[in-house]
There are 2 protein chains.
Amino acid sequence: MGYYLDLSDPDIAHLASLQKHEQNWRQRDIVRESGAPADLLYVVKSGWCYSYTIMVDGRRQVLQIHHPGDVIGIPDVAYERAVTGLQAATDICLCPFPKNRLDEIFRDSPRLTALLMTLGMMDHVVLLDRIRTIGRMNADERVAHFLLEIVSRLRITSPDITDTFDLPLSQELIGDALGLTNVYVSRTMSLMERAGLIQRMDRAIRICDERALKDMADFQDRYYRIDTSWFPGGAAPALEPNA
Amino acid sequence: MGYYLDLSDPDIAHLASLQKHEQNWRQRDIVRESGAPADLLYVVKSGWCYSYTIMVDGRRQVLQIHHPGDVIGIPDVAYERAVTGLQAATDICLCPFPKNRLDEIFRDSPRLTALLMTLGMMDHVVLLDRIRTIGRMNADERVAHFLLEIVSRLRITSPDITDTFDLPLSQELIGDALGLTNVYVSRTMSLMERAGLIQRMDRAIRICDERALKDMADFQDRYYRIDTSWFPGGAAPALEPNA
DNA sequence: CGAAAAGTTGAGGATCGTCAACATCTGTGG
DNA sequence: CCACAGATGTTGACGATCCTCAACTTTTCG
């Protein structure tokens, strides 16, 4: 695993020790129910999963899509019980580690602490974008923004992606993430395809006109550059993500 | 200022030193534009303000309401430029401090660091609730949730609040926070008042049937209890907020 | 007192949801 | 290798929620 920052050897060892245990789930398996004890965090090793909440009458809101390399559960750390459910969108492999091991990091490595906090803050900003998207944009703008966000995220770990990528998410899931129904997501994506903005082959998506999509969704890439200038121990030499 | 945690004397001194400078703004003043250099954080001393974004065509989304005692700008720390604008909802007094002073905290006090991070995570969870609210609830449920969240937040610093509080926010602002228009907020609140759920006198709101509101909005209080068991230096003796 | 801001109400319309039928894909077991 | 069930995607008709525009009233503040 690489990150946004050059780390010392002990820090790298620390990170590695958190990823010793692996566990697998099949597509649609529930990893953790909302309300379960929040004593674990997870690092995504492979596959996609998502956080969600369900209302009493069955309405579901998908809150976050988690990709390989993500740390899941930073916000839950503040509470005794998990705020969200966690479910596998594809077959996945996660590395769970207990949250009380965080205090080692907090004591031993201010620099790693700052990095963890930064990851949490990046998630936070992505949520702000999502609120704006759901609160003030119509269906096609929402879908455009959603797709762009996914590509941006994928490009961190796969810089070779140009315009085509695999999207292993059902339209119902996308709808639940964007405050729409599966039906309307289908209509919207069909229209976008007919308009020449995207192209679909099976589960793969091709972004045909990224400029147009960015304009309509007022999109900004939150993953590309981060600010490490305030980090204890000094700024990272490179501001861009390492492999 | 009190918090969720007993702190050591040096930590308290540290917090106090961050609040040396005060600055005042009038109602509707813009404290910081979106895109401005993100080199400052703010502690709210008095008054209410809010974070927001604006789209090119003028649509606005209010992202967060900030109350006295809040720390503003934790997520912006990850970026070189501010992600959101910041505007005064009432006359306010803020204590700005430079974000590069955070590294002192990170180096010297793991415990204070954990507390700061926890505050950020609480904000995060409130945003998750907001996404669910906007994405999957209709207008009256949204308004109900919004009011309950405000009361819960106010009760941290004013435990004597029972069912009545001052709400110095225009209906346009509330609408921009909930993904509605000012017109529809007016209609919705009038209906809620006629239904006996709330009562309005000038800018004051009285929650008449808190149980009913909580049920309809599926509300959970995110401010009441936090988990400090993982903190370096051990858990806080009391889990509930101190004065 | 006057101007700007904020709230209310009505009429009409757009966007998106609901329901339902059907088509297609996927994975598992015989 | 095929059959079948479940999951997923598509399309149409209709309806509900919420928006837009506009006029008006009330409140706030210099």
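The values are calculated or read from the model by the stated rules, or taken from the named source; none is laboratory data. Computed from a prediction, not measured in an experiment: that's the story for all the values here. Because the Cβ atoms are built from the backbone with ideal geometry, glycine has one as well, and the counts that use them run over all protein chains shown. When the accessible area is computed, the model is the full protein with side chains, heavy atoms only, and any ligands, DNA or RNA have been set aside. Shrake-Rupley method; radii C 1.70, N 1.55, O 1.52, S 1.80 Å.
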With the structure loaded, tell me whether B:Ile105 is more than 16 Å from DNA strand C (Cβ to nearest atom) and open to solvent by 20 Å² or more (accessible area, probe 1.4 Å) or whether it fails that test. no
Here is a check on your reading of the model: is B:Arg32 modelled with pLDDT of 95 or more, surrounded by 16 or more Cβ atoms within 10 Å (Cβ to Cβ) and more than 23 Å from B:Arg155 (Cβ to Cβ)? yes
Taking into account only those residues within the stretch A:138-151 that are open to solvent by 10 Å² or more (accessible area, probe 1.4 Å) and touching a residue at least 24 places away in the same chain (Cβ under 8 Å), which is nearest to the chain's Cα centre (by Cα)? A:Glu149
List pairs: first in the stretch B:11-28 and modelled with pLDDT of 95 or more, second among the acidic types (Asp, Glu), Cβ under 9 Å, 6+ apart or cross-chain? B:Asn24/B:Asp91; B:Trp25/B:Asp91; B:Arg26/B:Asp91; B:Gln27/B:Asp91
Identity of the residue in the stretch B:159-184, hydroxyl-bearing (Ser, Thr, Tyr), within 22 Å of the chain's Cα centre (by Cα) and under 20 Å from B:Thr133 (Cα atoms), that ends up nearest to DNA strand D (Cβ to nearest atom): B:Thr181
Give the number of residues within the stretch A:25-41 that are within 16 Å of DNA strand C (Cβ to nearest atom) and either in contact with a Leu (Cβ under 8 Å, 6 or more places away or on another chain) or of a type in the set (D, E, K, R) (or both). 4
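Over 20 Å from the mean Cα position of the chain (by Cα) and crowded, with 16+ Cβ neighbours inside 10 Å: is that true of A:Met201 in this structure?
On the way: over 20 Å from the mean Cα position of the chain (by Cα): yes; crowded, with 16+ Cβ neighbours inside 10 Å: no.
No: the conditions fail for A:Met201.
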Kindly indicate the residue of the stretch A:185-198 that is within 8 Å of DNA strand D (Cβ to nearest atom) and within 19 Å of A:Arg130 (Cβ to Cβ) and also farthest from the other protein chains (Cβ to nearest Cβ) among those meeting that condition. A:Met189
Would you be able to say whether some residue in the stretch B:98-109 is assigned to a loop (DSSP other than H, G, I, E, B) and at pLDDT below 95? yes
So which of B:Leu239, B:Leu213, B:Leu180, B:Leu173 ends up being part of a loop (DSSP other than H, G, I, E, B), at pLDDT 95 or above and open to solvent by less than 60 Å² (accessible area, probe 1.4 Å)? B:Leu180
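In the stretch B:31-88, which residues are β-branched (Val, Ile, Thr) and either under 18 Å from A:His124 (Cβ atoms) or more than 10 Å from chain A (Cβ to nearest Cβ) (or both)? Give the steps one after another, and end with the answer.
Step one: of the stretch B:31-88, the residues β-branched (Val, Ile, Thr) are B:31, B:43-44, B:53-54, B:56, B:62, B:65, B:71-72, B:74, B:77, B:83-84.
Once the filter is applied, which keeps residues that are β-branched (Val, Ile, Thr) and either under 18 Å from A:His124 (Cβ atoms) or more than 10 Å from chain A (Cβ to nearest Cβ) (or both), the stretch B:31-88 yields B:Val31, B:Val43, B:Val44, B:Thr53, B:Val62, B:Ile65, B:Val71, B:Ile72, B:Ile74, B:Val77, B:Val83, B:Thr84.
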